[in-house]
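Shown next, in structure tokens, is the structure this report addresses.
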């Protein structure tokens, strides 16, 4: 099965995941600080990385396209869209902690939003994040998403009920 189209930005290549990406995924996902707001099992194992990469490769790329974020030749994160209803999809992303604060997630998210609206004909793309994860919701704001609200006690992360912030952007909304 062919994956989604490759996307290029000024500093990044967004491409479908490949089986050889397991080591890169394991490297960034093994960092407990990277995982703080995600709640994935820790320690993050090679098997977890293998399962993630396999699921990304086998996903239906019409309803769940995902890309490896490649920076300076190294898989350093992932980003994707998950169709939730007709014309609507959820954006999700992650990036290796040493690369935080450089605008790379914003760069990747902007490219995926544009691709989602142009190539998939989406009308609305939304994302949510742990309300304490200011870095994540700042990315959403920088790509033109608007805060729609707080989802109280929305998820269980590491045994704790957490609030999420919900952001969205419509195809007709202005974007930076």
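The values are calculated or read from the model by the stated rules, or taken from the named source; none is laboratory data. A quick note: this is a predicted structure, and the numbers were derived from the prediction, not measured. All Cβ positions, even for glycine, are placed from backbone atoms using ideal geometry, and neighbour counts span all protein chains on display.
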Filtering the stretch 25-65 for residues that are surrounded by 18 or more Cβ atoms within 10 Å (Cβ to Cβ) and part of a helix (DSSP H, G or I) leaves a count of 11
Selection status of residue 17, surrounded by 14 or more Cβ atoms within 10 Å (Cβ to Cβ), free of Cβ contacts under 8 Å to residues at least 40 places away in the same chain and under 16 Å from the mean Cα position of the chain (by Cα) | no
Taking residue 159 as the residue in question, decide whether it is at pLDDT 95 or above and over 12 Å from the mean Cα position of the chain (by Cα).
-> no
Can you find a residue in the stretch 154-170 that is exposed (fewer than 14 other Cβ atoms within 10 Å of the Cβ), outside any loop (DSSP other than H, G, I, E, B), free of Cβ contacts under 8 Å to residues at least 60 places away in the same chain and touching a helix residue (DSSP H, G or I) at 6+ places or on another chain (Cβ under 8 Å)?
-> no
Considering only residues that are in a loop (DSSP other than H, G, I, E, B) and in contact (Cβ under 8 Å) with a residue 40 or more places away in the chain, look in the stretch 132-148 and name the one that is farthest from the chain's Cα centre (by Cα).
-> 132
Would it be correct to say that residue 110 is farther than 24 Å from residue 57 by Cβ, free of Cβ contacts under 8 Å to residues at least 60 places away in the same chain and not in a strand (DSSP E or B)?
-> no
Within the stretch 98-150, work out how many residues are under 17 Å from residue 35 (Cα atoms), touching a helix residue (DSSP H, G or I) at 6+ places or on another chain (Cβ under 9 Å) and surrounded by fewer than 16 Cβ atoms within 10 Å (Cβ to Cβ).
-> 4
Quick one: residue 69 ticks every box in (1) in contact with a helix residue (DSSP H, G or I) (Cβ under 7 Å, 6 or more places away or on another chain); (2) at pLDDT 95 or above; (3) not in a strand (DSSP E or B) bar one, so which box is it?
-> (3)
When (1) crowded, with 19+ Cβ neighbours inside 10 Å; (2) at pLDDT 95 or above are applied to residue 90, the one that fails is (1)
